């Protein structure tokens, strides 16, 4: 009867291990999507900086074109904000997934205390899950750092748009003075 109980608990623990593995794979897929979104954001930011530099170089010949560029920069800033919010949502999803993994790890530890000799075989898997949780926590910290960097870049973008608006105003004043 004890052997049967140990076997049942072993099967239950293996099933729990499989479920945790599936969750870890889902988290890794979410992390990959986040990395792709950050890569696209960086590309878009580079395009934005390149366009802004081109606008500054040709500002004397632009007049009406400068106003259109300012509107485009505002649209770009809005899109950047939307992407930032999406990044924040993905970060929150990763935090939630980490909590779920932590809860599952707690349940595994409780099962481990109830098992007898069979438990030693499964203890190594629990340690692997702990390492995975720590890796996810590290990834979360990295994502939070990236989110802060994105926010700082957004602020620089907002400052550049404001500076461009001031330059347009000065250009109009010079044009009016002529």
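A short reminder: the numbers here are calculations on the coordinates, not readings from a lab. Quick caveat: nothing in here was measured; it's all calculated off a predicted structure. With ideal geometry, Cβ positions are generated from the backbone for all residues, glycine too; neighbour counts draw on all protein chains shown.
What to note about this one:
- Percent of Cα pairs in the chain per distance bin of 5 Å, from zero to the largest separation: 1, 7, 14, 13, 10, 9, 8, 7, 6, 6, 5, 4, 3, 3, 2, 1, 1, 0, 0, 0, 0.
- Taking label positions 7 Å along the Cα-Cβ direction at both residue 30 and residue 105, the computed distance is 1.6 nm, reported to one decimal.
- Acute angle (nearest 10 degrees) that the helix 119-177 long axis makes with the longest principal axis of the chain, alpha-carbon atoms: 10
- Angle between the chain longest axis and helix 2-57 axis [Cα atoms, degrees, rounded to 10]: 10
- C-alpha center-to-center spacing [segment 85-107, segment 130-172] in angstrom: 22
- Tilt relative to the chain, helix 64-114 - C-alpha long axis, 0 to 90 degrees, to 10: 10
- Sum of -39500 (n - 2.57) over DSSP H runs of 4+, divided by residues of the chain (222 nm, nearest 500): -35000 deg cm²/dmol
- Residue of 29, 97, 124 that the Gaussian network model of the chain assigns the largest fluctuation, springs spanning Cα pairs under 10 Å: 124
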